[in-house]
Amino acid sequence: MSLLEVDNLSILIRGGRNLVEGVSITVNAGEIVGIAGESGSGKTVTAMTSLGFLPAGATSTGEVRVNGVDVLSMTPKQLQSVRGTEVAMVFQDPMTSLHPMLNIGTQLTEHLRVHKGLGRKAAWARAAELLEMVRIPDPTSALTAFPHRFSGGMRQRIAIAMALACDPKLLIADEITTALDVTVQAGILDLLDRLRKETGMAVVFITHDLAVMNVIADRLYVMYGGRLAESGSIGEVLNSTRHPYTRALIEALPEGAALGKALVPIPGEPSTPDRRPSGCAFNPRCTFAVESCRTDVPELRELEPGHFAACAVDPFGSLPEGAIPLDISLAPRKDQHVAS
Ligand SMILES: Nc1ncnc2c1ncn2[C@@H]1O[C@H](COP(=O)(O)OP(=O)(O)OP(=O)(O)O)[C@@H](O)[C@H]1O
Ligand code: SF4
Ligand SMILES: [Mg+2]
């Protein structure tokens with residue numbers, strides 16, 4: 001049984017617009033699963049629904065199971081026990097999780113006392129352990145400090161410690177490295193990788209940045225216009241890409257330009273729920289579109305074992321003669337670090 005199973009999820013808001021449509025995602029213990037896509041593709045809405053948070057006024061169809069239990073049919077009380085203990089979430093801005101007027105120790109211990117039932121002394125000791133775990137120097141004195149004393153990267157580590165307080169089986173990390181500089185970003189990616197190895201925790205890692213995804217994720221789901229465009233192992237999706245949108249994202253990477261490859265921005269605007277073209281939502285921006293792309297929504301098909309893409313044309317099914325396959329092995333992956 002998977003830890004998280006999002007099964008054919010659609011989220012409908014007033015006015016009959018779909019925020020996401022027919023999305024299925026699975027996450028197993030110890031895995032780092034990426035969700036990528038441009039702004040507005042539905043990454044956060046999908047993740048928030050995994051915690052039972054539907055946008056106000058929205059309705060859903062499909063199922064979201066955490067450890068086999070459907071969170072969409074849970075009572076508010078049941079949901080509260082799932083959040084934090086089974087699933088926890090960290091956001092781009094660590095101050096979303098941290099209170100600026102309370103010291104770190106008060107915030108961490110309150111969490112531990114409420115959710116874990118620890119006494120004051122035990123909660124304080126566990127809080128210091130958590131800070132140690134996320135590599136905050138001098139945890140004991142850090143507990144008495146306020147969030148503003150720490151750099152952005154350190155605050156993000158503390159927000160992760162807060163999320164880890166109740167030993168969640170699944171951590172959802174939504175753009176948590178986006179605002180950080182490259183070195184600090186690398187430290188946070190290392191931290192997540194270490195934590196999943198040490199604790200067996202699974203991570204859903206959300207970012208629009210495929211170069212970062214390449215470093216951290218085992219499997220990847222690419223979303224466009226509220227639907228899945230492509231999914232599979234990170235190697236297959238990035239190096240044997242089958243969907244024109246994924247390929248367009250790769251060609252738009254600045255890291256490619258730094259290596260002398262042409263940087264090709266994706267033309268046009270991303271699809272939003274109130275500007276959703278009929279047929280394949282990517283069709284106005286797709287250089288491979290044919291007439292039927294304007295009317296027919298392409299099905300997500302399994303093209304190779306475990307590798308899915310939703311494109312009726314499948315232009316990279318077999319590379320045209322002379323075409324060079326894309327290779328975005330821009331940074332060594334974590335498992336390669338370990339092997340070398
Ligand atoms: N409560 C809501 N009511 C109406 N539209 C919403 C609501 N919540 C989100 N949306 C819209 O749904 C779409 C998907 O939003 P979501 O936040 O999941 O995007 P995202 O992929 O996380 O984008 P970003 O990279 O900018 O964070 C967006 O167009 C957003 O404006
Ligand atoms: S279905 Fe058509 S428009 Fe959509 S990605 Fe494939 S070729 Fe492009
Ligand atoms: Mg988002």
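Evaluated against (1) at pLDDT below 95; (2) of a type outside the set (Lys, Arg); (3) away from ligand 1 (no atom under 16 Å from the Cβ); (4) farther than 30 Å from ASP209 by Cα, ALA125 falls short on exactly one condition, (1). When the residues of region 20-66 are narrowed to those that are surrounded by fewer than 19 Cβ atoms within 10 Å (Cβ to Cβ) and of a type in the set (S, T, N, Q), which ends up nearest to ligand 1 (Cβ to nearest atom)? Checked region 20-66; the qualifying residue nearest to ligand 1 (Cβ to nearest atom) is SER39.
In region 40-60, the residues that are on the phi < 0 side of the Ramachandran plot form Cβ pairs under 9 Å with partners that are within 16 Å of ligand 2 (Cβ to nearest atom) and among the basic types (Lys, Arg), at six or more places apart or across chains, as follows: SER41/ARG227.
Among the conditions (1) farther than 30 Å from ALA211 by Cα; (2) surrounded by 22 or more Cβ atoms within 10 Å (Cβ to Cβ), ILE160 misses just one, which is (1). When LEU228, LEU192, LEU238, LEU210 are checked against the criterion of being touching a Leu at 6+ places or on another chain (Cβ under 8 Å) and at pLDDT 95 or above, LEU228 stands alone in meeting it.
Selection of region 282-317 for residues being within 8 Å of ligand 2 (Cβ to nearest atom) and among the small types (Gly, Ala, Ser) yields ALA289, SER292, ALA310, ALA312. Would you confirm, using the coordinates I've provided, whether VAL290 is more than 22 Å from GLU31 (Cα to Cα) and away from ligand 3 (no atom under 16 Å from the Cβ)? So VAL290 fits the description; yes. Could you list, in sequence order, all residues of region 73-96 that are away from ligand 1 (no atom under 16 Å from the Cβ) and in contact with a strand residue (DSSP E or B) (Cβ under 7 Å, 6 or more places away or on another chain)? Listed by number, the residues that qualify are VAL82, GLU86, VAL87, ALA88.
State the number of residues belonging to region 87-102 that are modelled with pLDDT under 90 and more than 16 Å from ligand 3 (Cβ to nearest atom).
Looking only at region 87-102, we keep the residues that are modelled with pLDDT under 90, and these are 92-97.
Subsequent filtering for residues that are more than 16 Å from ligand 3 (Cβ to nearest atom) retains 95.
Adding up the residues that qualify gives 1.
Only one residue in ARG194, ARG155, ARG135, ARG149 is in contact (Cβ under 8 Å) with a residue 12 or more places away in the chain, more than 30 Å from ALA309 (Cβ to Cβ) and surrounded by fewer than 17 Cβ atoms within 10 Å (Cβ to Cβ). Which one?
Numbers: ARG194 fails: in contact (Cβ under 8 Å) with a residue 12 or more places away in the chain; ARG155 fails: surrounded by fewer than 17 Cβ atoms within 10 Å (Cβ to Cβ); ARG149 fails: in contact (Cβ under 8 Å) with a residue 12 or more places away in the chain.
Result: ARG135 is the single residue among ARG194, ARG155, ARG135, ARG149 that is in contact (Cβ under 8 Å) with a residue 12 or more places away in the chain, more than 30 Å from ALA309 (Cβ to Cβ) and surrounded by fewer than 17 Cβ atoms within 10 Å (Cβ to Cβ).
Among THR177, THR140, THR144, which is crowded, with 23+ Cβ neighbours inside 10 Å, more than 24 Å from THR85 (Cβ to Cβ) and touching a residue at least 12 places away in the same chain (Cβ under 8 Å)? Exactly one residue qualifies, and that residue is THR177. Selection of helices (runs of 4 or more DSSP H) fully inside region 5-120 by the criterion of at least 3 residues being out of contact with any His (no Cβ under 7 Å at 6 or more places or on another chain) and among the hydroxyl-bearing types (Ser, Thr, Tyr) returns 43-50. Please work out if VAL87 is farther than 24 Å from ARG194 by Cβ, out of contact with any Asp or Glu (no Cβ under 9 Å at 6 or more places or on another chain), touching a residue at least 12 places away in the same chain (Cβ under 8 Å) and away from ligand 2 (no atom under 16 Å from the Cβ). In short, no. Within region 221-251, the set of residues being in contact (Cβ under 8 Å) with a residue 40 or more places away in the chain and among the small types (Gly, Ala, Ser) comprises GLY225, GLY226, ALA229, SER231, GLY232, SER233, SER240.
Each row is one residue, and each column tells you yes or no for (1) within 16 Å of ligand 3 (Cβ to nearest atom); (2) aliphatic (A, V, I, L, M); (3) closer than 30 Å to LEU253 by Cα.
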| residue | (1), (2), (3) |
| --- | --- |
| MET1 | no, yes, no |
| GLU21 | no, no, yes |
| VAL27 | no, yes, yes |
| THR46 | yes, no, yes |
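In region 284-297, the residues that are of a type in the set (Phe, Trp, Tyr) reach residues that are modelled with pLDDT of 95 or more and more than 16 Å from ligand 3 (Cβ to nearest atom) with C-beta atoms within less than 7 angstrom, at least six apart or across chains, in these pairs: PHE288/PRO244. Can you confirm whether region 316-326 contains a residue that is at pLDDT 55 or above, buried (at least 16 other Cβ atoms within 10 Å of the Cβ) and within 28 Å of the chain's Cα centre (by Cα)? Checked against the condition, which is being at pLDDT 55 or above, buried (at least 16 other Cβ atoms within 10 Å of the Cβ) and within 28 Å of the chain's Cα centre (by Cα), region 316-326 yields at least one hit. The number of residues in region 90-126 that are crowded, with 18+ Cβ neighbours inside 10 Å and β-branched (Val, Ile, Thr) comes to 3.
Can you name every residue in region 157-186 that is polar (S, T, N, Q) and within 16 Å of ligand 3 (Cβ to nearest atom)? Even if it seems obvious, please write down each step before you answer.
Taking region 157-186 first, the residues polar (S, T, N, Q) are 177-178, 183, 185.
Across region 157-186, the qualifying residues are THR177, THR178.
The values are calculated or read from the model by the stated rules, or taken from the named source; none is laboratory data. Because the structure is predicted, anything quoted here is derived from the model rather than measured. So basically every Cβ, Gly included, is an ideal-geometry build from the backbone, and we count neighbours across all protein chains shown.
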